[in-house]
Amino acid sequence: MFDERAQLHTLEGVAASVILLIVIIYAIDATSMTPLTASTSSVHIESELQTLGQDILNTLDYAEPGYRSKLKYDIMNWDGQEYIWNGTLYIEKGNFSSSHNLTNNLTRLLKDILVNQGIAHKVEVVYLINSNNITVPSSSTDIIYAGSPSNNAVIVSRKIVLQDTDIVSTGNPIEDIDHSSNLRNIVEIKLVMWRM
Amino acid sequence: MGIIQNRDAQFMLLAGFIIAIGLVITTVMLNSIIFEGNMAVGGGSELSKYELVNMMQITRDEIRNAYINATLIGGTDVTVNFSMQMNNFSANLPKMFALHGGAVNITLDIGNWNNTRYANFTDNGMPAGAANWTVVEGVNVSSVDVFKFYNVTKASGKNFKIEARNSTGSSVWSIEFNDTHYIVTNITNTTNGSTPINPLPNDINLIDPIYYFQSASSYGPVSIQIIYGNNSYGRFKIQGIANGKVFYRERDYILNTTSTFSTSKFKINMTIPVSVPR
C-alpha cells in the first residue's frame, strides 16, 4: 500500500518544532536582558559612555602654555591611597571613620557627571617602575574603587608625562625612573565606567 | 464517481511554509553576522583614534619641557641635554603603549635648532602657515612686561605688522615695518612714530615707550595679532596677564617630530611641527 500521510506528518512535525524553537529562543533573549547584560543592544550605551569618558579626560587634561593640566595636578597630589564613593564623598578605603577624603578636580567632575547619572566608575593608574634595573609598567593601582565592573564596562585612558619639577605628594608611589634627565615618569590614567 | 484523494496541495503548502521559515532564519543570521562584523571593525579602530591624539600631545609637551629644561641649564651641552631627555622618553613611551598591543617609535629632527634656522611668524611657524593670526586674546595691556621680537629678518619689499585689537575687533595700536621705516598707529589714527630703520633692528622691544604700545591700555582687553607673518622670521616672546591669568607665548624654533604608531592591523607615520619653547 502506497500512502504519503507518514511523510506529511513528519514534515508537519519538523515545521512545528522549528516554530517552537524560534519562539523559545526569542522568549529567552527578550527576558534575560538586564542592565548588566553585555549584548548587541548595549553597544549604543557603551559608545555613549566612551564619548562621555573621553570628554571628561580631555577637559581635565587641557592646559594653557606654561601651566599644568588639572589631571596632572591631581596625579601629582595623589597620596597613594585608595578611595571609595560613600554616597556623598570619596572616602579612604578601610578608614571610614576618618574625615580624610579625596576632593580634587577629577572627583568634582566625576561627582557632577557620573554620580548624577548613576554611572558606576573607578579610576586606575599605571606607571613605570624600575624592577631589577629594567623599566617596566606597573600593575594597575586603584585611586577610586567601586567594585568589579560588569561585562559591558567601558575603559577610557589618558597618558601624561611627569617631570622632575612636578613634585609629587608624600605617599605617591610614582617614582623617578630616569635620574639622568628631567623626565620623571609616564603615567596612564584609566577611567572605567559601567551602568548599574 | 469517487472522491479523488490527492495530497500534492498539502505538500506544496508545507514546502512553501518551510522555505519561508528558512528565509527568515537566514536573514536573521546574515544580519547578525554583518552587525558583529561592523562592531569588530569599529572596536579595532576606536582605540587608536584617541591613542594617536594622546601620543601626539604628550610628545609635543615632552619636547617643549625638554627644550625649556635644557635651555635653563644652558652651557655648551644644551642640545645634548635635550637629546638625552628625549631619548629617555622615546625609550620608555613604547612600554606604556605595548600594554594595549600598539608599537610606538618617535624620532626627532632638531636641524632647525642646530643650524639656527628661526621660524616664520606664522600661526604654526611654517612658511605656509596662516600669515594673519591671533597670538593671544583678552590681554591687559598695562600688565604686559615682555613683548619682544628677536633675530628678526624681513623679506625685502614686504611688510610685517603687529597689531592690538579691542573686543570689537577694531585696531587700537599697531606697528608696521617696511624696508625703510617703522610706523606706529594708535586709535586716533595719528602716526606716533615713523622713525627710519634700515635695516630692521634684530631685537625689537615693544615695551619701549618709543613704540607707544602702552597707549592702548585705556581701551580694555586687547587681542595681539600678527599680520603678514609669512614675510618675516625670527623669535618672539610675549608675557603678561590675559583674562586674569599670567600667559606665556614664546617661539624660538620649529622642531619636527615623526611618530610611528602600529598595531597588527595598521601602521601610521605622522610628522608634526612643534613650536618651542611653548
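The values are calculated or read from the model by the stated rules, or taken from the named source; none is laboratory data. Given the structure is predicted, the values throughout are model-derived calculations rather than measurements. Counting neighbours? That spans all protein chains shown, and the Cβs are built from the backbone with ideal geometry, glycine included.
With respect to the conditions (1) within 30 Å of B:His100 (Cβ to Cβ); (2) crowded, with 19+ Cβ neighbours inside 10 Å, B:Asp252 lacks only one, and its number is (1). Across the stretch A:98-109, not a single residue is classified as among the hydrophobic types (A, V, I, L, M, F, W, C), touching a Lys or Arg at 6+ places or on another chain (Cβ under 8 Å), touching a residue at least 24 places away in the same chain (Cβ under 8 Å) and assigned to a strand (DSSP E or B).
Per-residue answers, yes or no, for (1) touching a strand residue (DSSP E or B) at 6+ places or on another chain (Cβ under 7 Å); (2) away from chain A (no Cβ under 14 Å):
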position	(1), (2)
B:Asn69	no, no
B:Gln85	yes, no
B:Lys95	yes, no
B:Ala103	yes, yes
B:Ala119	yes, yes
B:Gly129	yes, yes
B:Val141	yes, yes
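Against the definition (hydroxyl-bearing (Ser, Thr, Tyr) and touching a residue at least 60 places away in the same chain (Cβ under 8 Å)), how does A:Ser69 come out, yes or no? Don't jump to the end; show me each part of the working.
Numbers: hydroxyl-bearing (Ser, Thr, Tyr): yes; touching a residue at least 60 places away in the same chain (Cβ under 8 Å): yes.
For A:Ser69, the condition - hydroxyl-bearing (Ser, Thr, Tyr) and touching a residue at least 60 places away in the same chain (Cβ under 8 Å) - is met.
Being closer than 29 Å to B:Arg60 by Cβ, at pLDDT below 90, among the β-branched types (Val, Ile, Thr) and part of a strand (DSSP E or B), is that true of even one residue in the stretch B:200-210? Within the stretch B:200-210, one or more residues are closer than 29 Å to B:Arg60 by Cβ, at pLDDT below 90, among the β-branched types (Val, Ile, Thr) and part of a strand (DSSP E or B). As for the stretch B:253-269, it holds at least one residue that is of a type in the set (D, E, K, R) and in contact with a helix residue (DSSP H, G or I) (Cβ under 8 Å, 6 or more places away or on another chain).
Checked against the criterion of being more than 24 Å from B:Ala98 (Cβ to Cβ) and touching a helix residue (DSSP H, G or I) at 6+ places or on another chain (Cβ under 7 Å), the candidates A:Tyr83, A:Tyr90, A:Tyr62 yield just one match: A:Tyr90. Where strands (runs of 3 or more DSSP E) fall entirely within the stretch A:128-196, those with at least 1 residues that are in contact with a helix residue (DSSP H, G or I) (Cβ under 6 Å, 6 or more places away or on another chain) are at A:134-137, A:154-163, A:183-195. Which one is farthest from B:Asp77 (Cα to Cα) among residues in the stretch A:153-184 that are more than 10 Å from chain B (Cβ to nearest Cβ) and touching an Asp or Glu at 6+ places or on another chain (Cβ under 6 Å)? Top of the filtered list is A:Val154.
Can you give me the number of residues within the stretch A:110-127 that are outside any helix (DSSP H, G or I) and surrounded by 15 or more Cβ atoms within 10 Å (Cβ to Cβ)? If you could, list the steps in order and put the result at the bottom.
As a first pass, look at the stretch A:110-127 and keep what is outside any helix (DSSP H, G or I): A:116-127.
Filter again for surrounded by 15 or more Cβ atoms within 10 Å (Cβ to Cβ), leaving A:119-127.
Number satisfying all stated conditions: 9.
Per-residue answers, yes or no, for (1) polar (S, T, N, Q); (2) over 11 Å from B:Pro221 (Cα atoms); (3) not assigned by TED's automatic domain parsing to the domain that holds B:Asn205:
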position: B:Val139; (1), (2), (3): no, no, no
position: B:Lys148; (1), (2), (3): no, yes, no
position: B:Val152; (1), (2), (3): no, yes, no
position: B:Lys158; (1), (2), (3): no, yes, no
position: B:Ile162; (1), (2), (3): no, yes, no
position: B:Arg165; (1), (2), (3): no, no, no
position: B:Ser174; (1), (2), (3): yes, yes, no
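Can B:Ala155 be described as in contact (Cβ under 8 Å) with a residue 12 or more places away in the chain and of a type outside the set (D, E, K, R)? The answer is yes for B:Ala155. Among residues of the stretch B:149-191 being modelled with pLDDT of 85 or more and of a type in the set (D, E, K, R), the one that is surrounded by the fewest Cβ atoms within 10 Å (Cβ to Cβ) is B:Lys158.
Scanning the stretch A:128-145 for residues that are buried (at least 21 other Cβ atoms within 10 Å of the Cβ), free of Cβ contacts under 8 Å to residues at least 60 places away in the same chain and within 11 Å of another protein chain (Cβ to nearest Cβ) turns up at least one hit.
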